[in-house]
Amino acid sequence: MSWIATNRQQSPCSCAQWGWTKRRSARKAEVGTDLNNLGLLYLLSKRYDESEKTYHRALAIRIKAFGESDPAVRETMSGYISALRGLHRAAEAAQMEDRLRATTKNQSVTPAK
């Protein structure tokens, strides 16, 4: 039996034990942020088609990483709406605005003291 096989039998470890899953999730969240920023760059450059595709990918990653009601997700939705409007896809933009409003309504606002 090899040394690796022996040690694996004596001290089994999982990826979660070493924090691998947390690091991987953090990397996905970073990719979502990078894609969001790239989508904004395309949007400001009036490259709406590339912006829409990039925001779409960023949105999927951010929803998976943070959940639908997270501020980062709402930020990406807002940019995505702008890209859709730039492409004259008003119906899709309106649907996304409804979705954005729904996530915003679910947020509880605490009054400032």
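Kindly indicate the residue of region 47-87 that is of a type in the set (V, I, T) and closer than 15 Å to N37 by Cβ and also surrounded by the fewest Cβ atoms within 10 Å (Cβ to Cβ) among those meeting that condition. Steps first, please.
Pass one, region 47-87, residues of a type in the set (V, I, T): 54, 61, 63, 73, 76, 81.
Right, trim to closer than 15 Å to N37 by Cβ and you get 54, 61, 73, 76.
Working: T54: 25, I61: 21, V73: 23, T76: 29.
Per the criteria, the residue is I61.
Here is a yes/no grid of residues against (1) in contact with a helix residue (DSSP H, G or I) (Cβ under 7 Å, 6 or more places away or on another chain); (2) within 25 Å of A90 (Cβ to Cβ); (3) in a helix (DSSP H, G or I); (4) modelled with pLDDT under 95:
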site: S25; (1), (2), (3), (4): yes, no, yes, yes
site: A29; (1), (2), (3), (4): yes, no, yes, yes
site: L35; (1), (2), (3), (4): yes, yes, yes, no
site: Y42; (1), (2), (3), (4): yes, yes, yes, no
site: D49; (1), (2), (3), (4): no, yes, yes, no
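The values are calculated or read from the model by the stated rules, or taken from the named source; none is laboratory data. Here the structure is a predicted model, which is why all the values come from computation and not from measurement. Note that each Cβ is placed from the backbone with ideal geometry, even for glycine, and that neighbours are counted across all protein chains shown.
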